[in-house]
């Protein structure tokens, strides 16, 4: 028996920080993915290849963590290959994609309930190995291709909803982080205790709700552009911007993008730009490639 399962990279479109305050998030899966190939063998050692071998020291810690959920796994080994083109530490969900792929393998191997909601719940537990208290947004986006509205696990009624694809080209990229994610999260929480910060978070939440309505319809590009640009301005008011990221977004707008914003916690990391035509999007994507910027086009 060979198990081959996949988790996708992700791009958060709207909902940074406001999701922690009870609002939903809107995001999408990326073409990049993490693929696991496992040939289980009873009471035999693990033979690692690909990124499983590259990160073999991390593998032992992760295996022990997963065995806390599945003690029977201690009696199994076999050939394990991990193949990934999701950039690490770039804000594109490399850990959530891996968590989803692992969860899918465990669900199939142990013959567990295999609805995507069940896989989401298990992958959320696995991702805690990496992030302690993840919201569940990233793993929901990594479950399957497409655009999703996500109500995170910090709420009792957590769920996700699959929405229509955004029918405009998106260039996404990532720059080196200049701030610690945990510090940024706590900084925003502190700002929420003040009227101005609380007002910004509410406005970001309302923007996300409006974006979700756009994703349920064939919205105009002008409607998307207005929300993306407004959200980016508000996030910068929370001191989440990054000079290099802003520079690349402004360059993209000069090259024909109608809007751009940071994606994720801020302080660097992921960002995206919306284009009206594939030709202009491809032109700017190729410019980013020449500048050695981690990037993609969808």
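Can you put 193, 118, 246 in order of Cβ neighbours within 10 angstrom, beginning with the fewest? Least to most surrounded, the residues fall as 193, 118, 246. Give the separation of the Cα centroids, the stretch 1-64 to the stretch 202-242, in Å. For the stretch 1-64 versus the stretch 202-242, the Cα centre distance is 28 Å. Under a GNM of the chain (C-alpha, springs under 10 Å), which listed residue has the highest mean-square fluctuation: 251, 276, 72? Of 251, 276, 72, the Gaussian network model singles out 72 as fluctuating most.
Under the classification rounded if a/c is under 1.5, otherwise prolate if a/b is larger than b/c and oblate if not, where does the stretch 226-297 fall, given a ≥ b ≥ c as square roots of the Cα gyration tensor eigenvalues? Oblate. Net length available on complete extension from residue 115 to residue 193 is 24.1 nm, with 0.36 nm assigned per residue and the Cα-Cα distance removed. I need to check one value: relative contact order of the chain, counting alpha carbon pairs closer than 8 Å and at least 6 residues apart, in percent. With pairs under 8 Å counted, the relative contact order is 21 percent.
Tell me the angle of helix 116-131 to the major Cα principal axis of the chain, expressed in degrees between 0 and 90 and rounded to the nearest ten. Helix 116-131 and the main axis of the chain meet at about 90 degrees.
Extending each Cα 7 Å along its Cβ direction at residue 48 and residue 287, get the distance between those two points in nm, one decimal. That separation, rounded to one decimal, is 4.2 nm.
Modelled spin labels at residue 39 and residue 181, positioned 7 Å past Cα toward Cβ, are 3.4 nm from each other. Of the residues 29, 219, 140, the one that moves most in a GNM of the chain with alpha-carbon contacts below 10 Å is 219. Fewest neighbouring Cβ atoms within 10 Å first, the residues 149, 5 line up as 5, 149. Hey, what angle do you get for helix 94-109 against the long axis of the chain, alpha-carbon based, 0 to 90 degrees rounded to 10? Once rounded, the angle reads 40 degrees. Between residue 230 and residue 4, what is the FRET efficiency for a Förster distance of 51 Å, r being their Cβ-Cβ separation, to the nearest 0.05? In this case the efficiency is close to 0.75.
Assign one of three labels to the stretch 170-297, namely rounded, prolate or oblate, based on the Cα gyration tensor with a ≥ b ≥ c the square roots of its eigenvalues; rounded applies when a/c is under 1.5, prolate when it is not and a/b is larger than b/c, and oblate otherwise. In terms of gyration-tensor shape, oblate. Taking the fewest neighbouring Cβ atoms within 10 Å as the starting point, the ordered list for 221, 170 is 221, 170. In the list [x] 17.7, 55; [y] 19.5, 60; [z] 20.1, 64, the label attached to Rg and Dmax of the Cα atoms in Å as derived from the coordinates here is [y]. Shape class of the stretch 3-163 from the Cα gyration tensor (axes a ≥ b ≥ c, square roots of the eigenvalues): prolate, since a/c reaches 1.5 or more and a/b is larger than b/c.
Springs join every pair of Cα atoms under 10 Å in this Gaussian network model of the chain, and among 223, 174, 121 the largest mean-square fluctuation is at 223.
Seen against the Cα atoms of the chain and their longest principal axis, helix 195-215 is set at about 80 degrees.
Every read-out reported here was derived from the displayed coordinates using simple, explicitly stated rules and does not represent laboratory data. Bear in mind that the values here come from a model prediction, so they are computed numbers and not experimental data. Methodologically, a virtual Cβ is constructed for each residue, glycine included, from the backbone with ideal geometry; neighbour enumeration extends over all protein chains shown.
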